[in-house]
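So the structure is just underneath, and the comments pick up after that.
The values are calculated or read from the model by the stated rules, or taken from the named source; none is laboratory data. Keep in mind the model is a prediction, meaning the values are calculated, not measured. All Cβ positions, glycine included, derive from the backbone under ideal geometry; neighbour counts span all protein chains shown. Accessible surface areas use protein heavy atoms only, side chains included; no ligands, DNA or RNA. Shrake-Rupley method; radii C 1.70, N 1.55, O 1.52, S 1.80 Å.
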Protein chains: 2
Amino acid sequence: MTGGPAFREKSVLHSVPEIDTSEALTERQKAVLDAALRLLVEEGDQLTMTAVARRASCSKETLYKWFGDRDGLLTATVQWQASKVRVAQVDGKGLDLASLSASLERFASDWLQVISSDTSIALNRVAISHAGSGKDNLGAVVLENGRFALAKRLKPVLEAGRQAGLLDFADAETAFRTFFGLVARDVQIRLLLGDRLELTEATIGGDAARATQQFLALHGAKTGPQGL
Amino acid sequence: MTGGPAFREKSVLHSVPEIDTSEALTERQKAVLDAALRLLVEEGDQLTMTAVARRASCSKETLYKWFGDRDGLLTATVQWQASKVRVAQVDGKGLDLASLSASLERFASDWLQVISSDTSIALNRVAISHAGSGKDNLGAVVLENGRFALAKRLKPVLEAGRQAGLLDFADAETAFRTFFGLVARDVQIRLLLGDRLELTEATIGGDAARATQQFLALHGAKTGPQGL
DNA sequence: GGCAAGCCGTACCGTACGTTACGGTTCGGC
DNA sequence: GCCGAACCGTAACGTACGGTACGGCTTGCC
């Protein structure tokens, strides 16, 4: 471990779950991580150093020089993908009910799309597998770029909705978690456990709309009779 | 593999996700599986055959004779624990709103208790890890004894509530999934990913009550103005 | 007592894989 | 053209672990 992005430096990753997406990766390194990612998605847990080296057409020596050890490679791979996941960014300036509803629906749809993707499933699986055995940085990375990133984007929208008198809730965090539950339901755990559960574009759209309607029914401001 | 509960018989487990809890386990075998379970919960993924044998004070030869191979032992362990998990059984005969609400709250509380237990987390982790690599029977077992068992118990209650004019929904499955989402929210995925998230008795009770209220707000029959 | 079956403890085997080492090749700088 | 750095491909090493074999001990049966 001399030079290069020292992914295994304890002081860097262990204490700080904050993600530094710009870890100064060269294009070649990104290509290697992409190869590792593809392998992870396709082959499941068969992510051996030899396989990654072969897939990326690089030598194992290079992998070790760049990433320290297997855990470093895994962490770098997860961070690399995580840095690419972005759900809709919405400005909370559209103050009417229609645009708020549309924003929520967009968030819901994006999120369902993410958690049902092969990549997300593979990443969560590997992070969960590693969460059991000591070093839990992978889990923290996934959470930070998944559930918490979503919250960070959605909460301002909720707050804006409240400011505009469209939403009514006491705590933005709690409201977010309710929305999260209404959107995700049992989808993620079933997919992670290997349950076949095909989500087409159509069903995702429907689910997003349903979740949004339910959330508004729970937290929409009571301005007169709500009927339809 | 001669005699004994042939856990690895393809024809038994592969095609049939239904659980046969009474697999004719001797007391000694149960004790061994309990030891394996404890090891799984305590040591995470360090569930080697040698470790199980030492912990259970039995020989590896016996493990292989009884369970076929490592996967068989794992499957037997998961099934053994799964057969012990039981959430509240409720008869749908208490037809008033108070008892329905109490039943739902009980289900919610039990479920939160289950998914936040060390045992459940460990089991789900190992099942998810294995779901990535081929044979997914573990995931099916966990799902069948977790989420699907819950649905099987809760749906009759929902149907009874609808019959009694207390609930209003089109599809029991969809209604159940909404309830599931309101109860679980992000708890399970966060725990699986290693997020510290202490759930005390008190918070679980509060969460169960909140989820129940929200569910009733969404699916309670509209009999006059709802305003508390 | 004699015997067979079941099981414990342990040594052993084969392999997979993480990790290291090394020869050969490419490439930028002078 | 020459040099060193970076990197590829591959061989080699060490170890952990799944799986097997075997000697000795206990137990139930005759």
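The table below gives the values:
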| quantity | calculated |
| --- | --- |
| Pair A:Ser57, A:Asp45: separation of 7 Å Cα→Cβ label points (nm) | 3.2 |
| Directionally averaged projected area (convex hull, Cα atoms, chain B), nm² | 14.2 |
| Cα gyration tensor shape of segment B:97-219, rounded if a/c is under 1.5, else prolate or oblate by comparing a/b with b/c | oblate |
| Amide H partners (placed H, <5 Å) of A:Gly220, local residues excluded | A:Asp168 |
| Computed accessible area, A:Leu218, all protein chains, 1.4 angstrom probe, square angstrom | 20 |
| Given chain B, longest segment not containing exposed loop GluC sites (Glu not before Pro) (DSSP; at most 13 other Cβ within 10 Å) | B:19-197 |
| For segment B:40-124, convex hull of alpha carbons as volume per residue, Å³ | 102 |
| Nearest-first distances (nm) between copies at B:Glu198, label 7 Å from Cα via Cβ | 4.7 |
| Exam field: B:Lys135 pseudo-label spacings to other copies (7 Å along Cα-Cβ), nanometres | 2.9 |
| Spin-label model distance (nm) - A:Asp96 vs B:Tyr64, 7 Å beyond Cα toward Cβ | 7.4 |
| Using a Förster distance of 25 Å, the FRET efficiency for B:Ala31-A:Arg196 (Cβ separation, nearest 0.05) | 0.10 |
| Cross-link pairs A:Lys60/A:Lys84; A:Lys30/A:Lys84; B:Lys30/B:Lys65; A:Lys30/A:Lys152; A:Lys222/B:Lys222; B:Lys30/B:Lys155 - those with Cα-Cα distance over 21 Å | A:Lys60/A:Lys84; A:Lys30/A:Lys152; B:Lys30/B:Lys155 |
| For residues of A:160-173, the mean tally of beta carbons on other chains within 10 Å | 0 |
| Area accessible to solvent at B:Arg185, 1.4 Å probe radius, in Å² | 20 |
| Convex hull per residue volume in Å³, alpha carbons only, for the protein assembly as shown | 169 |
| Percent RCO, i.e. relative contact order, over chain A, from Cα pairs under 8 Å lying at least 6 residues apart | 22 |
